[in-house]
Amino acid sequence: MKQFLDAFTADCLPRPVRSAFGRDVVPSLVRACAAAGLRPMISTDLADFWSICRGDPGRAIMSQFVDPAVDPNAGPTDTAFVILMRNGAPVASAGVRLRWVPGTLGEAVVDGSLLYPHGAPKGFRSQCIASLANTISGTHVAVYTGYWRARSEDPLDARPMALTVRLLHAYALGAMAWSHGVAFAENGVARAYAHSVWLAEAFQPGVAWEMMGRRYTLNLVSTARDPLIDKLLDARACDPAAKLHLPAEDAARRAVA
């Protein structure tokens with residue numbers, strides 16, 4: 001637990017909320033992990049995270065956002081992942097990578113520069129009809145992606161995803177300067193988890209990818225930085241006593257299942 005607390009900094013947070021994050025938000029999430037029998041870890045080396053996702057069918061397209069081979073120059077100021085351990089084995093993880101978007105996010109999705117900042121490979125195809133992507137421009141975007149859960153975990157237990165993503169939010173907010181956080185999620189995942197777990201303000205379908213001969217239909221979930229800070233500061237969103245069971249989300253997830 002101490003490893004995560006030591007890694008967390010609040011340098012990029014507004015000064016008035018730094019103490020609240022260090023005193024309330026991060027410790028409450030760590031306690032929630034302990035209550036679920038989980039130990040959080042943070043790393044700015046995505047090689048291990050990529051090796052986990054690479055072997056999991058269905059994660060390939062989204063995990064490429066945090067593949068070290070895609071952007072080998074990325075360093076600890078713009079890349080990170082959280083991993084949850086139980087009895088010495090990984091049970092859940094998620095990564096984030098910071099991207100500068102000079103034009104609009106929609107343009108960066110279509111031309112491949114969001115995924116491949118040094119040039120998209122031959123045959124890359126992408127389409128983005130989510131109108132929200134055209135309102136985000138000229139800024140640093142934190143791309144949250146590649147959530148992984150061990151096959152041994154209960155698929156109806158929402159806590160691993162909730163804890164992993166919120167710990168990653170807390171770390172990225174404190175350590176990275178960005179204005180919008182986005183994720184590209186499969187339809188069922190987006191509908192069940194976008195608001196309750198990703199704490200997203202918006203969910204828009206219509207991000208289509210074609211890569212390596214396969215087509216993927218994803219959804220854009222997005223939140224601006226300041227509203228996300230407010231949500232994480234809300235005790236109701238990070239109550240360790242409730243162990244992040246998220247009843248409303250459970251109902252949505254079961255409906256999708």
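The values are calculated or read from the model by the stated rules, or taken from the named source; none is laboratory data. Please read all numbers here as calculations on a predicted model, not as lab measurements. All Cβ positions, even for glycine, are placed from backbone atoms using ideal geometry, and neighbour counts span all protein chains on display.
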Taking segment 197-221 and keeping residues assigned to a strand (DSSP E or B), closer than 22 Å to ALA120 by Cβ and not aliphatic (A, V, I, L, M) leaves GLY206, TRP209, GLU210, ARG214, ARG215, TYR216, THR217, ASN219
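Looking only at segment 80-90, which residues are surrounded by fewer than 21 Cβ atoms within 10 Å (Cβ to Cβ) and either part of a strand (DSSP E or B) or in contact with a strand residue (DSSP E or B) (Cβ under 7 Å, 6 or more places away or on another chain) (or both)? I'd like the intermediate steps shown before the answer.
First pass over segment 80-90, keeping only residues surrounded by fewer than 21 Cβ atoms within 10 Å (Cβ to Cβ): 85-90.
Result: MET85, ARG86, ALA89, PRO90.
Conditions (1) hydroxyl-bearing (Ser, Thr, Tyr); (2) outside any loop (DSSP other than H, G, I, E, B), marked per residue:
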| position | (1), (2) |
| --- | --- |
| GLN127 | no, yes |
| LEU132 | no, yes |
| THR139 | yes, yes |
| ALA142 | no, yes |
| ASP154 | no, no |
| LEU167 | no, yes |
Could we say that SER93 is crowded, with 21+ Cβ neighbours inside 10 Å and polar (S, T, N, Q) here?
yes
Mind checking which residues of segment 96-138 are surrounded by fewer than 16 Cβ atoms within 10 Å (Cβ to Cβ), over 25 Å from ARG214 (Cβ atoms) and in contact with a Pro (Cβ under 9 Å, 6 or more places away or on another chain)?
TRP100, GLY138
Residue count, segment 21-55, condition assigned to a loop (DSSP other than H, G, I, E, B), at pLDDT below 85 and exposed (fewer than 15 other Cβ atoms within 10 Å of the Cβ), comes to 2
GLY123: passes all of (1) at positive phi; (2) without any contact (Cβ under 8 Å) to a residue 24 or more places away in the chain but (2)
Restricting attention to segment 136-164, which residues are touching a helix residue (DSSP H, G or I) at 6+ places or on another chain (Cβ under 8 Å) and either at pLDDT 90 or above or farther than 27 Å from SER28 by Cβ (or both)?
ILE136, SER137, VAL141, ALA142, VAL143
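Among the residues of segment 103-114, are any in contact (Cβ under 8 Å) with a residue 60 or more places away in the chain, more than 24 Å from ASP48 (Cα to Cα) and more than 16 Å from the chain's Cα centre (by Cα)? Can you show your working first?
The first filter runs over segment 103-114 and keeps only residues in contact (Cβ under 8 Å) with a residue 60 or more places away in the chain, leaving 105, 109.
Remaining after also requiring more than 24 Å from ASP48 (Cα to Cα): 105, 109.
Of the ones still in play, those that are also more than 16 Å from the chain's Cα centre (by Cα) are 105, 109.
Looking for residues that are in contact (Cβ under 8 Å) with a residue 60 or more places away in the chain, more than 24 Å from ASP48 (Cα to Cα) and more than 16 Å from the chain's Cα centre (by Cα), one finds at least one in segment 103-114, hence yes.
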Find all pairs meeting these conditions: Cβ atoms under 6 angstrom apart; at least six residues apart or on different chains; first residue within segment 183-201 and acidic (Asp, Glu); second residue surrounded by fewer than 22 Cβ atoms within 10 Å (Cβ to Cβ).
GLU201/PRO227
Could you check GLY174 against (1) buried (at least 19 other Cβ atoms within 10 Å of the Cβ); (2) part of a strand (DSSP E or B) and say which number it fails?
(2)
Scan segment 198-229 for residues that are among the β-branched types (Val, Ile, Thr) and out of contact with any Leu (no Cβ under 7 Å at 6 or more places or on another chain) and report the count.
2
Do we have any residue at all in segment 7-20 that's basic (Lys, Arg), modelled with pLDDT under 85 and over 19 Å from the mean Cα position of the chain (by Cα)?
no
